[in-house]
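The values are calculated or read from the model by the stated rules, or taken from the named source; none is laboratory data. Every value quoted in this text rests on a predicted model; they were computed, and no experiment measured them. Note: ideal-geometry Cβ built from the backbone for every residue, glycine included; neighbour counts use all protein chains shown.
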């Protein structure tokens, strides 16, 4: 009877191979964790200001996964060393020097090429090499961790390779990308590669990071979004109007989903400027950010399924992100908290939205609202955990303060009104999607 030994993880010969020592592991883990942390920060810095919707979607997912990977690695380091070495300092100044160069990316081409043509492929290769070198029995916890990180990194690299191809489709873009890739690869090599074990170059090209980096959190949309500066928001009042037929209320709900991209856009600054928090904070807040990106994606999925050109016919503007960008990060988070808490009452919140979609006999919309509701329940708890202790207020008082802070920003958008026509786009949208006039009779177009 030939029952496999060693739980099927390896043969005896493979298990006798000497892999990384604990010290060698920890030295590499400190680098990986810092690199994942910095990659998360890059995503936070770039999501709002990058105009292309598809890049926002990917950055939202990937920065959340970067935070998860850093968390897993930090836990593993804690299992291997006591006292745990400091994880809040850079293990090699050359790593930060590389990221300083990466953050000088001037446009989407350089952002995509830098992140997905240089950093992410190198990180994937390092994880693969580490997995291969680790002993499958003695160091099984490391192999288990890296195996699951590899799933994420491989998916990131698949998307990244396609994105690099997409942004370098012209000879001029390819030439620019090649030059930028060579520049960054020199600084990657200067830090000894991801693992720190590669030979460093004799000299480096001139640094582009001549000034301290200043993040740009101002939200942008590309030109496919025809009404990106139209700040009129009729969709909520339509979705809540019981006199309106369900088919119209459903498309109003889906409009509310697709415009949610402004939530992760303003969350990037809240997270990025919250320094010195426990790492769990970054894991949970970037998860919430990714959930909000997903909600916008869900709206786009619905309209794509119906053959609606949602970028053209819906005013997907960044108004709330612009407004909250005028508040300090604690106050901006307080506004987010008030909004999330307001979604819980059964008669006006997520339960009602789900019931509307069920009553409309729209399985796709119903499932979208079902998962949207579930996510928001989690977000309520996230806000209570991380925002309330900073305010020193009971939940009800924090909600009141959040609405008051939101009201203070109501006039902020006036300086941007001339960038686009401010009009009620809903009647034309209903005509386009449903082929009839809207049943909503009176619109309140006052900004809230």
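Points to keep in mind about this one:
- Out of 40, 1, sole residue that is outside the structural domain of residue 179 (by TED's automatic domain parsing) and either over 24 Å from residue 134 (Cβ atoms) or not in a loop (DSSP other than H, G, I, E, B) (or both): 1
- Count of the stretch 406-421 residues which are in contact (Cβ under 8 Å) with a residue 60 or more places away in the chain and over 29 Å from the mean Cα position of the chain (by Cα): 1
- Scanning the stretch 396-420 for residues being closer than 22 Å to residue 316 by Cα and surrounded by 13 or more Cβ atoms within 10 Å (Cβ to Cβ) gives a total of 7.
- Residue 283 free of Cβ contacts under 8 Å to residues at least 60 places away in the same chain, in contact with a helix residue (DSSP H, G or I) (Cβ under 6 Å, 6 or more places away or on another chain) and on the phi < 0 side of the Ramachandran plot: no
- Checking each residue in the stretch 309-336 for being in contact with a helix residue (DSSP H, G or I) (Cβ under 7 Å, 6 or more places away or on another chain), farther than 22 Å from residue 252 by Cα and assigned to a loop (DSSP other than H, G, I, E, B) picks out 325, 326, 327.
- When the criteria are applied in full, residue 393 fails the requirement of being modelled with pLDDT of 95 or more, in the same structural domain as residue 311 (by TED's automatic domain parsing), within 30 Å of residue 220 (Cβ to Cβ) and surrounded by 14 or more Cβ atoms within 10 Å (Cβ to Cβ).
- Checked against (1) surrounded by fewer than 21 Cβ atoms within 10 Å (Cβ to Cβ); (2) in a helix (DSSP H, G or I); (3) in contact (Cβ under 8 Å) with a residue 12 or more places away in the chain, residue 75 passes all but condition (3).
- In the stretch 165-199, of all residues being free of Cβ contacts under 8 Å to residues at least 60 places away in the same chain and outside any helix (DSSP H, G or I), the one that is farthest from residue 36 (Cα to Cα) corresponds to 170.
- Looking at 211, 273, 242, just one residue is without any contact (Cβ under 8 Å) to a residue 12 or more places away in the chain and more than 30 Å from residue 435 (Cβ to Cβ), and that residue is 211.
- Condition met for residue 211 (modelled with pLDDT under 95, surrounded by fewer than 16 Cβ atoms within 10 Å (Cβ to Cβ) and on the phi < 0 side of the Ramachandran plot): yes
- When 342, 334, 305 are checked against the criterion of being surrounded by fewer than 21 Cβ atoms within 10 Å (Cβ to Cβ) and farther than 30 Å from residue 224 by Cα, 342 stands alone in meeting it.
- Remark: pairs (first residue in the stretch 130-150, on the phi < 0 side of the Ramachandran plot and modelled with pLDDT of 95 or more; second residue surrounded by fewer than 16 Cβ atoms within 10 Å (Cβ to Cβ) and assigned to a loop (DSSP other than H, G, I, E, B); Cβ separation under 8 Å; 6+ apart in sequence or on different chains) = 135/17; 135/18; 136/9; 137/9; 140/9.
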